[in-house]
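Values in this text are rule-based calculations from the coordinates and carry no lab data. From a predicted model like this one, the values you see are computed outputs, not experimental measurements. Heads up, the Cβs are rebuilt from the backbone with ideal geometry, glycines too, and the neighbour counts pull from every protein chain shown.
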Amino acid sequence: MGMRLDSRLVTLGLASSRARAKELICGGQITVNGMPVRKVSAEVFDSDEILCAGGQLPFVGRGGLKLAHGVEQFHISLTGLTCLDIGASTGGFTDCMLQKGAARVYALDVGHDQLAQKLRQDLRVVNLEGVNIRDVRPEEFPSFDFIGTDVSFLSLGYVFPTATRLLKEGGSMIALIKPQFEAGPKALNKHGVVKQPKDHLRSIESVLASAQQRHFSIQGLIPSPIRGGSGNREYLLYLKKGGISRMPDVAAVVRCAFEAE
């Protein structure tokens, strides 16, 4: 009897969840009997040879690679900290925070049943599924030492007002800037990709302005080491609550992102 490809990946341990399996399949990283398969519901059998290009990721989602790069490049220590992951999804950021030494991570996402099983079972993780960051009441949460955010279909300008109230004074935040959700529909091509550097520049500058309006200081900006699911170039923004901004050369960062192929 056959099984859906996404379910089979979880069974084989090649993916931590069906959501993670979908990322791998749609990203062209799965082959069945030597042929790439991009259909999540494709039927596979026990006799089929299923391989994942590059093997298993060190985190439950690709987002973990992005956050790990930011934490390392910005020299941020998460050891012993209480952290918040806004837009947790499968938990790539959450997994990274834990592997970097976080004492506890609150994993918040508006969706349901996305967080990887190993994180659901981890006593250091507080699973806040079905929660919209804009509906959060800060007085019901602890003050966080560190916040990481990777949200889709929502501008960071809507995240910062609540995030600044949740983060303790002097606390750090890494926000993944996704120009496809900042630039507006006119900047997207038919594949949903922001192709023009000028639109990246405009999007980033808007995010920086929004952050500063909410008592964040700008501490760093670098291109993400890997692109988003549709091929969009993304950026890692390092913020602190309070303090003096060290404004980056945004144009130079955008150039670097476009030159890195």
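Do any chymotrypsin sites (Phe, Trp or Tyr not before Pro) in the range 43-110 lie in a loop, going by DSSP, with at most 13 other beta-carbon atoms within 10 Å of their beta carbon, and if so which? Listed in order of number, the matching sites are 45.
Assuming charge only on the beta carbon of Lys and Arg (+1) and of Asp and Glu (-1), the dipole of the range 121-261 about its Cα centre is about 380 debye to the nearest 20.
Overall, the range 3-52 carries a charge dipole of about 240 debye about its Cα centre when +1 sits on the Cβ of Lys and Arg and -1 on the Cβ of Asp and Glu, all other atoms neutral. Restricting the GluC sites (Glu not before Pro) of the range 13-110 to loop positions (DSSP other than H, G, I, E, B) with no more than 10 neighbouring Cβ atoms within 10 Å leaves 49. Taking the Cα centre of the chain as reference, the dipole from Cβ charges on Lys and Arg (+1) and Asp and Glu (-1) amounts to some 480 debye.
Summing +1 for each Lys or Arg and -1 for each Asp or Glu among the other residues whose beta-carbon sits under 14 angstrom from that of residue 153 gives -1.
For the set 168/241; 39/178; 118/178; 168/240; 66/178, the pairs lying more than 18 angstrom apart at their alpha carbons are 39/178; 118/178.
Among the listed values [x] 19.6; [y] 19.0; [z] 20.2, the one computed from these coordinates for Kirkwood radius over Cα pairs in Å is [y].
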